[in-house]
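Here's the structure we're looking at; comments come further down.
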Amino acid sequence: MINSAEKLTELAYAAMLGESPWQHFLDQLALEVPNGKAIVVVHDNAAARWHIPLASGVDPRTLKRRGAYACANPFIAQTTTLYNGIGVGIVDEALIPLEQLRKTEFYNDFLEPHEMPSRVSLTIEQEQDELFILALLSDSMQQQDKLRAAGLLTQLSPHLSRALRYYRRSSTKRLMGTHTQQFLDALGTAVLLVGEHSRIEIASGHAEHLMATGDMWRITSRGQLQFLDDKLEASLKAMLSRWYTGAGTLNFPLAEYQVCLVRMIKDSISCYFEGPTVAVLLEEVGKAPQRLDLSGFGAVFQLSAAEGRALAGIIDGKSTQQIAEDSSRSVETIRSQLKSLYRKTNCHSREDLLKRILALR
């Protein structure tokens, strides 16, 4: 064993806390089996689709071809019947006899040609129709290698499950920063953050008032948002799919409100653990939009005067060069201010900042 279970556990927690990339954890895990490969997978049984956000040792071209084999994967049907198998490392022949596996399209056209005929897997969690799986694959694993790897995955299971729960609990905090309620109040509009399965994660004060008095939606006993407008409801559900590839922003003019849906930007591993998040923004029709209170917003995020001026320039649609000329500063100085502004507001780009802070008004 190259890495002990304790060492891999430390790497998992370091990745969870942002101190080390998840890729490093996966790379080290792959070393535990000869010619090892490691993948994290989310499989949607209802839609017969699977997604691999992160992999180690697998050719990216192979990952691009994976979708064609989602329906042909014989392991999934067996995994869904093993309710006691969640959290336990399982060798491939425990799910399907090797003689039977070697006759399948999945084995002959996908696993064998890409040096992955042997497999040990861990189902971290199952939520509704989705399975969250970590798998080790190789063309050189002996039976003792498989059993040892299965035991290792079982040891790692509670820590990976904890990472999944951590991501889900802290997703809105990481998306909006540490001043979420102040942020939403500063926008001066009704804002809801909706997570996977339409669960409401956080709401501004105005949005909470609308939920209690409005008639455009209903809130289920499980805290799920359901729009009464069929087109709007279908669009929200589509944007909350892990496989959504449409526009990042959709607008819907209703009788009393203008509704804007914004799919929040996430890295692939965050999306794997916590699922997608959509911001629902509502403005009253006929009411002049309230301009962002820059002084109040600056106080919330502890922006310097220079960063506040850079923010004002972005809101007015000015380029970095124009902001520099207006403030009699160099372009490099403005770029430095913008980097600091993005860091403090937990954004990654000008577009990201406009989507989150201005709510696309």
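Observations
- Once the Cβ-Cβ distance of residue 315 and residue 143 is raised to the sixth power relative to R0 = 56 Å, the FRET efficiency obtained is 0.35.
- Point-to-point label distance, residue 88-residue 59, nm (Cα→Cβ direction, 7 Å offset): 3.6
- 23 Å Cα-Cα threshold exceeded, pairs from 7/339; 7/37; 64/231; 237/344; 64/339; 64/146: 7/339; 64/231; 237/344; 64/339; 64/146
- Annotation: peptides 103-112, 116-125, ranked by per-residue average of other Cβ atoms within 10 Å with the highest first, follow the order 116-125, 103-112.
Bear in mind that the values in this text are calculations on the coordinates, not laboratory data. These numbers come from a predicted model, not from an experiment. As a convention, Cβ positions derive from the backbone with ideal geometry for all residues, glycine included, and neighbour counts pool all protein chains shown.
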